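The values are calculated or read from the model by the stated rules, or taken from the named source; none is laboratory data. In this text the structure is predicted, and so the values were computed from the model without any measurement. Here the Cβ is made from the backbone with ideal geometry for all residues, glycine too, and neighbour counts use every protein chain on show. Accessible surface areas use protein heavy atoms only, side chains included; no ligands, DNA or RNA. Shrake-Rupley method; radii C 1.70, N 1.55, O 1.52, S 1.80 Å.
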Amino acid sequence: MFKLNFKIAWRNLIHNKTYTLFNMLGLSIGLAGFLLILLYINQETRFDKWNPELKNTYMIAADYTKSEAQYKGTKIKALFAKTTRENVHDVENVSINNLSGRKLAHTYVNNGKEIKQNFNTVMVDSLFLDVYPLKASEGNLKAIFDTSNSIAISKKMAKFFFGDESPINKVLIQDRGVNFPAQELIVKGVWDHEQQASYFDFEVLMATNLKEYGDQLLSNTFSTLIKLRKGADPNKVYDQLNENYIKELAKFSTENSDVNYQPTLAQAKKILLENEGIS
């Protein structure tokens, strides 16, 4: 029965070649489109799936209007991190950093031969790896906080410069541009960029020295990541973060450091509108 049906179908296809061609072409295009969409979705959703705390990890965005100009961005004053640590119990950890990164030139000198390439470099504080738990495939990532010239690099970068050799304690020269002297950096750790695919797509991790900002630290803006405690309600925490920051920002605006000075949310909004033009 099957053989008979197959013969009938085959003869119909042969006798209607144009119809068959269009059908086969349509099927091929449909399958190809489906596969492309599947590959794209897989590519876009693979980031950070390795992170066991992904559902509790958030990047903070600022959204406000100042002097009738709207601002939306992923940088916020360091004041946010300070007041969140002190006042929002359901936030376990806060890290301020520069996750936008910069493409900086790195050079490796081996037997008089120079290998040079640009790689995306980010500066992070000492709590970064507690919030965003990258794991080392070689060396120790937290060693970047031991000295100012220590770095961690991706496996891709390690392979580019050192091939199959261990990159640990090898020296790379970083060129930050004409206004900065070249700096010798020591590789202390490597992470696997394929096993730990990151939304931020950085290739070099360096420690940032927050003391350099001095008294201006709280007014400087950074990328800010937070990790919630297990069981915390994100919607509840959002309301706490928002209200707490508005109040602290208003106090910061008035330069009133009295701990007993606690404006209400309505008073804080009024202060920000009058002093900063912020709504």
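Tell me, what is the Rg over Rh of segment 65-195, with Rh the Kirkwood radius over Cα pairs?
Values: Rg = 17.7 Å, Rh = 16.9 Å.
Here Rg/Rh amounts to 1.05.
Can you give the FRET efficiency to the nearest 0.05 for Lys211 and Glu68, using r as the Cβ-Cβ distance and R₀ = 45 Å?
0.75
Could you work out the Kirkwood radius for segment 94-161, taking every pair of different alpha carbons, averaging 1/r and inverting it, reported in Å?
After inverting the mean inverse Cα-Cα distance, the result is 13.5 Å.
Using only DSSP helix segments of four residues or longer, with each worth -39500 (n - 2.57), what per-residue ellipticity at 222 nm results for the chain after dividing by its residue count and rounding to 500? Can you show the working numbers first?
Details: 7 runs with 98 residues, N = 279.
Mean residue ellipticity at 222 nm (helix-derived): -11500 deg cm²/dmol.
Could you pull out the pairs from Lys82/Lys155; Lys82/Lys116; Lys75/Lys113; Lys49/Lys156; Lys135/Lys159 whose alpha carbons sit more than 29 Å apart here?
Lys82/Lys155; Lys82/Lys116; Lys75/Lys113, as the Cα separations exceed 29 Å there.
By DSSP, what percent of the beta bridges with both residues in the chain are antiparallel, rounded to the nearest 5? Intermediate values should be presented prior to the final figure.
Numbers: 40 of 49 bridges.
Taking every DSSP beta bridge within the chain, about 80 percent pair in antiparallel fashion.
Any chance you could check the Cα centroid distance between segment 190-237 and segment 67-90 for me, in angstrom?
With segment 190-237 and segment 67-90 each reduced to a Cα centre, they are spaced 13 Å.
For Tyr199 and Leu38 in one chain, what is 0.36 nm times their gap in residues minus the Cα-Cα distance, to one decimal in nm?
That works out to 56.1 nm of additional length.
Suppose we keep just the DSSP beta bridges with both residues in segment 83-205; what percent of those would be antiparallel, to 5?
Roughly 75 percent of the beta bridges in segment 83-205 run antiparallel, per DSSP.
Using the basic label-point model (7 angstrom from Cα toward the beta carbon), what is the Arg229 to Ser148 distance in nanometres?
3.8 nm
Can you compute the label reach from Glu165? Point 7 Å from Cα along the Cβ direction, backbone N cut-off under 19 Å, restricted to segment 99-131.
106-118
Can you give the accessible area per residue of segment 68-134, in Å², using a 1.4 Å probe?
Roughly 50 Å² per residue, with all protein chains present.
Across segment 181-279, how many lysine pairs, 8 or more positions apart or on different chains, have C-alpha atoms separated by under 21 Å? Please give the number.
The result is 7.
Where the Cα atoms of segment 134-278 are projected onto their three principal axes, how long is each span, largest first, in whole Å?
If we take the Cα atoms of segment 134-278, the spans are 62, 43, 24 Å.
List every residue whose amide H lies under 5 Å from the amide H of Glu92, counting only residues 5 or more places away in sequence or on a different chain, with H placed 1.01 Å from N in the peptide plane.
Lys227, Leu228, Arg229
I need the trypsin sites (Lys or Arg not before Pro) found in segment 104-144, filtered to DSSP loop residues with at most 13 other beta carbons within 10 Å of theirs.
Lys135
Compute the distance in nm between two label points, each set 7 Å from the Cα along the Cα-to-Cβ direction, one at Ile173 and one at Val109.
Those two pseudo-labels are separated by 0.4 nm.
Can you send over the carbon and sulfur percentage of the accessible area for the chain, probe radius 1.4 Å, protein chains only?
Heavy-atom surface of the chain belonging to carbon and sulfur, 1.4 Å probe: 53 percent.
Over segment 127-279, what relative contact order in percent results from Cα pairs under 8 Å that are six or more residues apart?
21 percent.
Students sometimes get this wrong: rank Ile173, Ile37 by accessible area, probe 1.4 Å, all chains present, largest first.
In descending accessible area the options line up as Ile37, Ile173.
May I ask you to order 194-200, 269-275 by the average number of other C-beta atoms within 10 Å around their residues, highest value first? Could the numbers behind the result be given before it?
Working: 194-200: 14.0, 269-275: 16.1.
Top of the packing list down: 269-275, 194-200.
Could you state how much accessible area Arg46 has, in square angstrom rounded to the nearest 10, with a 1.4 Å probe and all protein chains kept in place?
Accessible surface of Arg46 is approximately 90 Å².
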